[in-house]
């Protein structure tokens, strides 16, 4: 009997293992650093068919320096036959989740939010550029099998609560270091009620509690989703395992919340900070830029007009195309929203929506550290519904009761 992490890594918690990597990926930022180190190693790529390079962080390029670095990485990827995603295709975690990552795989990305892909029953975690260069050269990596925190979800989300509220709530409960180098394993009947998009949101924030990975068991929802990309996968069934900690969350008790500026774990009900003026609302990122999110935002803004600048950045081209086909994009534009090219957008504070000193942003992203989205600015984190209510009011507003 074992936890899902122990089953995938084929070793008990606490054991250090060397494992072949099933999928490895970098983005334009970490890819440049990885390439530099790989060239110093001086070896050939071990398994080029397992490596992906995806441009998303500074896409399109924001300076000529960035453009030159991207051009070098672009040439390298094409010359070596690597799976390559250029400007406008979308965020690395989202793209890898569009039919590439499968249950039971070991997935390593040169980005901390690689844990997003644990939504598919994979062990997915982030590493630095040096470790990634070693993976390019050997096709393997080493790690310590983490102990697991069992998070049992019961019931169903109600009212205007969303998976993002659940994610922020569990981070608030654990604290930013409460799950350090542990795996979060989401189980229970409540877990099965969440869509793939919702599971990706919950797995995404595992790193914000210090976790090594966040995993959902692949079930019928997972199987149907991946079948849409031509994959036939098996369902994973939980076993009795040994857990470092167990916690239960009643989804019916989750309410709209926000993380206050500076810390992801300083979480409060939106009602406690209602009325705080904002200068910008941002909906997107690998946390909340999927079609489900854009569709919900459009429904809440239908027939209305936002009162502050509101930026929406789809997580992928596939997401944007679906928004265009279904009329979601048109409804957002009619509401006064600005839609940016698929990618990370202003999340990391480099372009496409950076806020100024003294400005306040309500963001659906996953981090709100000081100066994250602009020097001197403040960022509240919240759900798509909270973003919609806030954009319409021009101040932090709970979506509960908003017509």
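The values are calculated or read from the model by the stated rules, or taken from the named source; none is laboratory data. Because the structure is predicted, anything quoted here is derived from the model rather than measured. Virtual Cβ from ideal backbone geometry, glycine too; neighbours counted across all protein chains shown.
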So which residues in segment 257-267 are in contact with a strand residue (DSSP E or B) (Cβ under 6 Å, 6 or more places away or on another chain) and closer than 21 Å to residue 157 by Cβ?
-> 257, 258, 259, 267
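In this structure, does residue 290 turn out to be farther than 25 Å from residue 351 by Cα and at pLDDT 95 or above? Spell out the reasoning first.
Values: farther than 25 Å from residue 351 by Cα: no; at pLDDT 95 or above: yes.
Answer is no for this residue.
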Run residue 162 past the list (1) surrounded by 24 or more Cβ atoms within 10 Å (Cβ to Cβ); (2) within 15 Å of residue 97 (Cβ to Cβ) and report the number of the one that doesn't hold.
-> (2)
Residue 382 surrounded by 23 or more Cβ atoms within 10 Å (Cβ to Cβ) and closer than 30 Å to residue 30 by Cα | yes
Among (1) surrounded by 24 or more Cβ atoms within 10 Å (Cβ to Cβ); (2) closer than 16 Å to residue 174 by Cα; (3) in contact with a strand residue (DSSP E or B) (Cβ under 9 Å, 6 or more places away or on another chain), residue 254 falls short only on (3)
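Quick check on my filter: what residues within segment 36-67 are in contact with a helix residue (DSSP H, G or I) (Cβ under 6 Å, 6 or more places away or on another chain) and within 20 Å of residue 93 (Cβ to Cβ)? Working first, answer last.
Within segment 36-67, the subset in contact with a helix residue (DSSP H, G or I) (Cβ under 6 Å, 6 or more places away or on another chain) is 37-38, 41, 43, 45-46, 53-58, 61.
Within segment 36-67, 53, 54, 55, 56, 57, 58 meet the criteria.
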Checked 26, 21, 107 against criteria (within 30 Å of residue 198 (Cα to Cα) and surrounded by fewer than 24 Cβ atoms within 10 Å (Cβ to Cβ)); the one match is 21
In segment 53-93, anything touching a residue at least 60 places away in the same chain (Cβ under 8 Å) and outside any loop (DSSP other than H, G, I, E, B) is listed as 90, 92, 93
Name every residue in segment 266-279 that is assigned to a helix (DSSP H, G or I) and without any contact (Cβ under 8 Å) to a residue 60 or more places away in the chain, in order of residue number.
-> 272
Pairing a residue in segment 380-403 that is modelled with pLDDT under 95 with any residue that is surrounded by fewer than 23 Cβ atoms within 10 Å (Cβ to Cβ) and assigned to a loop (DSSP other than H, G, I, E, B), where Cβ atoms lie under 8 Å and the two sit 6 or more apart in sequence or on different chains, gives 400/159; 400/160; 400/255; 402/160
For segment 104-132 the number of residues that are farther than 18 Å from residue 29 by Cβ and not in a helix (DSSP H, G or I) is 8
Give the residue that is surrounded by the fewest Cβ atoms within 10 Å (Cβ to Cβ), with candidates limited to residues of segment 195-211 that are more than 12 Å from the chain's Cα centre (by Cα) and under 19 Å from residue 246 (Cβ atoms).
-> 210
